[in-house]
Amino acid sequence: MKIHEYQAKRLMAARGIAVPEGRVATTPEEAVAAVRPLVEASGSPVVVVKSQIHAGGRGKGRFKEHADLGGVTVVTDGIQGGVEAAEAKVRSLAEQMLGSTLVTIQTGPEGKAVNRLYVEQGVAIARELYLSVVLDRATGRNLMMASTEGGTEIEEVAAETPEKILRETIDPAVGLADFQARRLALGLGLEGDALKNGVRFMKALAAFASDLDTDLIEINPLVVTESGDVMALDGKMGFDDNALARHPDVAELRDETEENAAELEAKEFGLSFIKLDGSIGCLVNGAGLAMATMDTIKQVGGEPANFLDVGGGATTENVTAAFKIITRDPNVKGIFVNIFGGIMKCDTIADGVVAAVKEVGLQVPLVVRLEGTNVELGKKIIDESGLNVVSATDMKDGAQKIVEAAR
Ligand code: ADP
Ligand code: MG
């Protein structure tokens with residue numbers, strides 16, 4: 001589960017991790033009201049207005065409705081004109097940003113609607129660094145990565161100058177050790193107060209990741225201020241869904257408006273569904289078989305439109321729901337049902353497919369491959385349904401047939 005930047009910053013602040021002060025706004029009035037208290041608290045007339053969406057690259061992103069406006073704007077009008085000038089600028093920005101669609105390299109071309117802003121104190125930046133904690137699946141441990149190339153996408157740094165990424169694996173029993181934090185901080189060229197503050201920041205962030213079961217924390221940029229403070233100017237976080245039961249306060253931060261509607265609906269029916277960009281809808285039981293099905297579709301020249309595991313204990317209702325979710329995607333040009341009946345019985349799937357087709361109709365070709373428990377009964381149900389279904393003898397055969405039919 002992902003959360004917004006302002007939520008990540010609140011969680012960090014609650015654990016003593018340095019972040020700038022800020023306020024959330026869902027209306028231009030709220031955005032304007034945030035300015036004066038922030039200016040008074042920081043003593044700096046500069047504030048920053050930041051779009052809150054579950055995607056990065058906001059600064060360089062642009063609004064569909066306002067081609068010259070980015071998702072993050074540093075407002076400097078207060079330096080000359082005082083608080084009133086800053087307020088006026090924030091009002092006009094908020095009026096343009098709220099309700100508009102921001103397109104960044106991470107949102108895809110359709111962009112994301114901005115319904116919330118974070119108005120934050122402007123920080124006098126001396127250096128922009130990069131710091132992250134990611135779950136390293138190779139070691140099964142959290143890995144802290146740091147780089148002097150703050151503000152740049154880390155993928156770019158990894159591709160062009162991989163030697164600029166420093167890494168420390170975190171032992172879960174010890175946390176990030178002092179010597180590891182110092183090695184990272186010295187590697188970033190921190191000195192004096194900034195060195196001390198950097199070490200403290202890194203150790204606290206490593207503890208945060210382990211205590212709250214994050215699978216990703218990316219602080220880009222981590223900044224060193226002109227007075228030697230080290231603070232998080234951005235905060236991107238993802239949490240392990242399977243651990244959310246341990247953190248009800250984090251689970252509460254879920255913003256369903258940011259999540260894919262089809263994926264949310266699937267979750268309600270206990271389906272594991274992930275939307276993809278291809279044209280072949282897949283309805284499969286078992287995560288392993290679902291992966292193999294997607295691979296096979298690719299092998300024969302197609303592209304899967306989704307990952308879908310209906311699970312072992314699916315009922316006719318679940319299969320119907322799954323079928324509806326798949327057919328609603330306008331990119332789907334063919335559907336491949338690939339079932340190995342073990343716990344899941346083939347006749348249950350057949351009933352579900354028939355019921356769903358009767359309910360929502362079938363505008364695209366459908367190939368069904370059934371194998372395992374009650375396979376004869378399942379095939380009989382499909383054959384006698386009068387539906388236009390092509391049956392397949394095995395997975396490869398089915399993949400070939402659906403990819404051809406979808407063309
Ligand atoms: P994104 O990564 O989505 O573009 P960031 O939060 O990293 O969004 O903001 C983009 C840039 O805006 C930062 O790299 C930084 O230079 C500037 N910025 C963000 N917040 C502040 C702030 N509070 N004070 C000064 N500059 C900021
Ligand atoms: Mg950033």
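The values are calculated or read from the model by the stated rules, or taken from the named source; none is laboratory data. Everything quoted here is computed from the prediction, not taken from an experiment. For neighbour counting, all protein chains shown are included, and Cβ atoms are generated from backbone atoms with ideal geometry for every residue, glycine included.
Per-residue answers, yes or no, for (1) among the charged types (D, E, K, R); (2) near ligand 1 (Cβ under 10 Å from one of its atoms); (3) touching a residue at least 24 places away in the same chain (Cβ under 8 Å):
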| residue | (1), (2), (3) |
| --- | --- |
| ARG10 | yes, no, no |
| ILE17 | no, no, yes |
| GLU21 | yes, yes, yes |
| THR27 | no, no, yes |
| ALA31 | no, no, yes |
| VAL46 | no, yes, yes |
| LYS89 | yes, no, no |
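Go through (1) surrounded by fewer than 19 Cβ atoms within 10 Å (Cβ to Cβ); (2) farther than 26 Å from ASP240 by Cα for ALA194 and report which single condition fails.
Evaluating ALA194 over (1) surrounded by fewer than 19 Cβ atoms within 10 Å (Cβ to Cβ); (2) farther than 26 Å from ASP240 by Cα leaves (1) as the failure.
If you go through segment 161-188 one residue at a time, how many are within 18 Å of THR139 (Cβ to Cβ), among the aliphatic types (A, V, I, L, M) and in a loop (DSSP other than H, G, I, E, B)?
Count: 5.
Evaluate the following for VAL39: is it within 15 Å of ligand 1 (Cβ to nearest atom), over 18 Å from LEU222 (Cα atoms) and modelled with pLDDT of 95 or more?
Considered against the rule, which asks whether it is within 15 Å of ligand 1 (Cβ to nearest atom), over 18 Å from LEU222 (Cα atoms) and modelled with pLDDT of 95 or more, VAL39 comes out as yes.
Out of (1) at pLDDT below 95; (2) within 12 Å of ligand 1 (Cβ to nearest atom), the odd one out for VAL74 is which?
(1)
Going through ALA305, ALA266, ALA261 one at a time, which residue ends up being under 24 Å from the mean Cα position of the chain (by Cα), within 30 Å of GLN52 (Cβ to Cβ) and at pLDDT 95 or above?
On inspection, the qualifying residue turns out to be ALA305.
So which strands (runs of 3 or more DSSP E) are wholly in segment 189-287 and hold at least 2 residues that are more than 16 Å from ligand 2 (Cβ to nearest atom)?
It comes to 214-225, 272-275, 280-284.
Where residues in segment 49-70 are under 18 Å from GLU87 (Cα atoms) and of a type outside the set (Val, Ile, Thr), which of them is farthest from ligand 1 (Cβ to nearest atom)? Full working, then the answer.
First, the residues of segment 49-70 that are under 18 Å from GLU87 (Cα atoms): 49-51, 69.
Keeping just the survivors that are of a type outside the set (Val, Ile, Thr) gives 50-51, 69.
On the way: LYS50: 6, SER51: 8, LEU69: 13 Å.
Restricting to residues being under 18 Å from GLU87 (Cα atoms) and of a type outside the set (Val, Ile, Thr), the top hit is LEU69.
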